[in-house]
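See structure below.
Throughout, read-outs are computed from the coordinates displayed, never taken from laboratory work. Fair warning: this is a prediction, and the values are worked out from it, not measured in the lab. Heads up, the Cβs are rebuilt from the backbone with ideal geometry, glycines too, and the neighbour counts pull from every protein chain shown.
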Amino acid sequence: MSKRLATLFLGSALICAAAVSAPAMAQQAPAQPSPRISVTGEGEVSVAPDMAILNLSVLREAETAREAVAAGSEAMKQVLAALKAAGIAERDLQTAGLSLQPRYTQPGPQAKPQAPKISGYSASQGLTVRIRDLAAVGAILDKTIALGVNQGGDISFVNDDMKPSLTEARKRAVADATQRARTLAEAAGVTLGRILSIEEQSLRPGPVPMGKMMRAAAAESFVPVERGENNYRVSVDLVFEIAP
């Protein structure tokens with residue numbers, strides 16, 4: 001084959017390859033995303049709590065660690081017995097920890113510095129209590145204080161089963177997002193299409209701790225308690241297609 005014929009053959013092959021690859025490249029071009037509307041909806045449900053969670057501690061001090069722990073254990077036994085007598089089930093009582101710390105005395109001013117010396121020990125025993133009869137919360141607090149509880153007292157009012165409230169909050173969040181999307185579509189003069197995606201944001205249950213209860217035991221025969229309401233909030237992101 002002559003050099004001229006070889007050149008003509010190579011040129012024809014390149015032209016054919018370009019003609020074949022051009023449609024293929026056109027088919028592989030990325031499709032443009034369809035027009036869409038993205039919105040965020042929120043749903044909230046407020047319900048009365050049906051359970052209180054109470055954190056209590058007994059603190060005792062003694063010259064030895066053994067004596068401090070023994071004194072705290074004896075006081076905690078009385079607290080547990082009183083709680084069970086008040087109708088608290090064993091499944092609603094949980095030990096929350098034991099803390100043992102030395103107490104130090106600082107030496108007075110001397111010519112030669114000396115290290116602090118251990119003068120005794122502090123032992124603290126914690127207890128978490130779930131109270132399902134909310135009408136008894138104040139009386140239970142008063143009783144435990146009388147038996148020697150002298151630390152803690154944080155109270156949280158919660159709902160034993162949050163699922164119904166969260167389900168309703170989700171429904172309200174989706175309805176809120178849908179209504180916002182319809183409003184935006186109407187304002188823009190377009191037609192709202194199908195839902196392309198739904199994403200739920202973090203759930204935000206809202207039981208609010210009451211704080212410390214030790215402040216008022218001496219003033220009342222029982223500690224006054226207000227339970228209020230719990231707010232459960234859900235946020236969802238919805239993406240709608242704009243219909244052609």
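Here I118 and D154 are evaluated by their C-beta separation; at R0 = 41 Å the FRET efficiency comes out at 0.85. Multiplying the residue separation of T128 and S73 by 0.36 nm and removing their Cα-Cα distance gives an extension gain of 18.3 nm. Of the trypsin sites (Lys or Arg not before Pro) found in region 116-160, those in coil by DSSP whose Cβ has at most 16 other Cβ atoms within 10 Å are R132. Shown is the FRET efficiency for I242 and E42, computed with R0 = 25 Å from the Cβ-Cβ distance and rounded to the nearest 0.05: 0.60. One decimal place: the segment E226-T183 gains 11.4 nm when fully extended, by the rule 0.36 nm per residue minus the C-alpha distance.
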